[in-house]
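The values are calculated or read from the model by the stated rules, or taken from the named source; none is laboratory data. Because the structure is a prediction, the values reported are computed rather than measured. Every residue, glycine among them, receives a Cβ derived from its backbone with ideal geometry; neighbour counts consider all protein chains shown. In case anyone asks, the SASA skips ligands and DNA or RNA and just uses the protein heavy atoms, side chains included. Shrake-Rupley method; radii C 1.70, N 1.55, O 1.52, S 1.80 Å.
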Number of protein chains: 2
Amino acid sequence: MPSEEPQPAIVLVRPQMGENIGAAARAMWNFGLDRMRIVAPRDGWPNPKADAMASGAGRLLDEAQLCADLPEAIGDSAFVFATTARQRDLTKPVFDPEEAMRLAADKIASGEKVAILFGPERAGLENEDIARANAIISVPVNPAFPSLNLAQCVLLAGYEWQRQRTAAPTPARTVPDVATGAEVEALARHYEERLEEAGFFFPDSKAESMKVHLRNLWSRMPMTRADVRMLHGILRQMVRWKERGG
Amino acid sequence: MPSEEPQPAIVLVRPQMGENIGAAARAMWNFGLDRMRIVAPRDGWPNPKADAMASGAGRLLDEAQLCADLPEAIGDSAFVFATTARQRDLTKPVFDPEEAMRLAADKIASGEKVAILFGPERAGLENEDIARANAIISVPVNPAFPSLNLAQCVLLAGYEWQRQRTAAPTPARTVPDVATGAEVEALARHYEERLEEAGFFFPDSKAESMKVHLRNLWSRMPMTRADVRMLHGILRQMVRWKERGG
């Protein structure tokens, strides 16, 4: 049974080696984190090599939520962090682990669900994954040697989670009715589809980067459910207007 | 050549597996630490398994100082920390990694030499080793699962060293190219006018509160100039689409 204590979900996106998944489970449990989600693991699931490595934290693997894609894994999350090593050209707030986990602790204390994404061992998260996150966590490593492995990256996040959750609680802010990841995803899809029809993504050579920018925009915005409803409404009304004809 | 920057020496006391020594070297260099001392390694020195694991941080092993015993390894040190997992019945100050590295940074800044001891993988440091230290570093791990490995323990010390030595300025939150109030206002007006034409603010009795909500939405969003341009573009394209006719 997962612990009762509210905490961020740790989402391993397309992890490759089972050993690393097991080591990540150990790193989580070292700091009391026990909600793992695994998106499309390369070598299938369950993975005996993960079990062998996880010794003592094997329960986390048994209880891990296997997800077909990233939207499924963050569907319930109101706030998503993406961990990256390289600098990305994406306009999102960038936090170090301490700031990020302080923010996560605040959000969780006020009832929001938080997820933290970790990319595959070699390449890290794709821009498309990061576009679905609200903010970036970047560990201030030695620029001459920035190669943290997956479990180490999870360990540092867990360490800071442990530090921040036990830090003096900041007074609760009232977060009114924050939109979930699934709601933001549906909004992003709605705009993408209609704008595709409307010929917005033009020229073709720029279409992909325009889509990533648009996704980034939605995921970066602190939206309530009412905001999301209004943005859906705007688009539907523009389509109706078109259909009525000039 | 070791880096010029004064820093604590990392002392591995009777380490067992070469792989762990290599992994510890990587963890050190991730955070710019490059002064390793090795006391009586079980499998001799040099160790090809350590070299294989250290990839990218192999220089630290080549330059490591091999010592016959602990007194030799800390002979030049004015202040010695011992890392332990278990509670020890030794009357010494116990610090968490943050406090310890803050103290280390202060001491190093005032010219003192500092060493940090890490014990063998299985048993950790002996009481006799700890007796030679001035203070203890204890990582606040999950009491139900306190098993950090050697390299992870070194990683957390390095992470805190990096944090404390750079403590003064907090890393900048990068939100580049923020839209000005006037730009957001122009965007709000653009949407309000077109949506008015499109019949979005309906029924009349709700029009005013819908407009207020929409204005609130724009002004609450942390938008860049590029975001504002894209949102203008979306609306213009929807109008063009309408004008082309279904």
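Accessible surface calculations at 1.4 Å, restricted to protein heavy atoms, place the stretch B:104-246 at 49 Å² per residue. With a 1.4 angstrom probe, the accessible area lost at the A-B interface totals about 5700 Å². In order along the stretch A:198-213, the Karplus-derived 3J(HN,Hα) couplings, from 6.51 cos²θ - 1.76 cosθ + 1.60 at θ = phi - 60°, round to 7, x, 6, 7, 9, x, 3, 4, 9, 4, 5, 6, 5, 5, 5, 4 Hz, and Gly and Pro are given as x. Report note on the peptides A:32-44, A:62-74: ranked by the mean count of other C-beta atoms within 10 Å, highest first, their order is A:32-44, A:62-74.
Placing a label point 7 Å from Cα along the Cα-to-Cβ direction at A:ARG244 gives distances to the equivalent points in the other copies of 2.2 nm, listed shortest first. Distances between equivalent label points of B:PRO140 across the copies, with each point positioned 7 Å along Cα→Cβ, amount to 2.0 nm, shortest listed first. Residues whose amide H falls under 5 Å from that of A:PHE95, counting only those 5 or more places apart or on a different chain, are A:ILE136, A:ILE137, A:SER138, with hydrogens built in the peptide plane. Can you work out the PRE-style zone for B:ARG225? Point 7 Å along Cα to Cβ, and I want the residues of the stretch B:175-198 with backbone N under 11 Å. Residues B:177-180 qualify, since their backbone N sits under 11 Å from the label point. Averaging the Cα positions of each part gives two centres, and for the stretch B:213-237 and the stretch B:1-40 these lie 51 Å apart. Against the main long axis of the alpha-carbon atoms of chain B, helix B:225-244 sits at an angle near 40°. Distant-in-sequence amide contacts of A:CYS67, defined by a placed amide H-H separation under 5 Å and a gap of 5 or more residues or a different chain, comprise A:ILE38, A:VAL39, A:ALA40. Accessible area per residue for the stretch A:1-76, computed on protein heavy atoms with a 1.4 Å probe, is 41 Å².
Here is how the number arises for chain A: DSSP H runs of 4 or more residues each give -39500 (n - 2.57), the sum is divided by the residue count, and the result at 222 nm is -14500 deg cm²/dmol.
Given a 1.4 Å probe and heavy atoms of the protein chains only, how would you sort A:ARG122, B:ARG14, largest accessible area at the top?
Largest to smallest exposure gives the sequence A:ARG122, B:ARG14.
Carbon-plus-sulfur accessible fraction, chain A (probe radius 1.4 Å, protein heavy atoms only): 53%. Each Cα pair under 8 Å and six or more residues apart adds its separation to the average, and for chain A the resulting relative contact order is 23 percent. The mean number of Cβ atoms from other chains found within 10 Å of a Cβ in peptide B:226-234 is 4, as a whole number. Per-residue Karplus couplings for the stretch A:121-128, computed as 6.51 cos²θ - 1.76 cosθ + 1.60 with θ equal to phi - 60°, are listed in order as 4, 6, 8, x, 5, 6, 4, 5 Hz, Gly and Pro entered as x. Once C-alpha pairs closer than 8 Å and six or more residues apart are averaged by separation and normalised to the residue number of the stretch B:181-243, the relative contact order reads 47 percent. Comparing each chain alone with all protein chains together (probe 1.4 Å, DNA, RNA and ligands left out), the residues of the stretch A:186-203 losing at least 50 Å² of accessible area are A:ALA198, A:PHE200. The mean number of partner chain beta-carbon atoms within 10 angstrom of a residue's beta-carbon across peptide B:212-222 is 4.
Under the classification rounded if a/c is under 1.5, otherwise prolate if a/b is larger than b/c and oblate if not, where does the stretch B:9-166 fall, given a ≥ b ≥ c as square roots of the Cα gyration tensor eigenvalues?
It comes out rounded by the Cα gyration axes.
Computed from Cα atoms, the angle from the helix B:97-109 axis to the main principal axis of chain B rounds to 70 degrees. If you sort B:THR166, A:THR166, A:THR180 by accessible surface, 1.4 Å probe, largest first, the order is A:THR166, B:THR166, A:THR180. Near A:SER77, the amide H atoms lying under 5 Å from its own belong to A:GLY181, A:ALA182; only residues 5 or more places off or on other chains count, and H is placed 1.01 Å from N.
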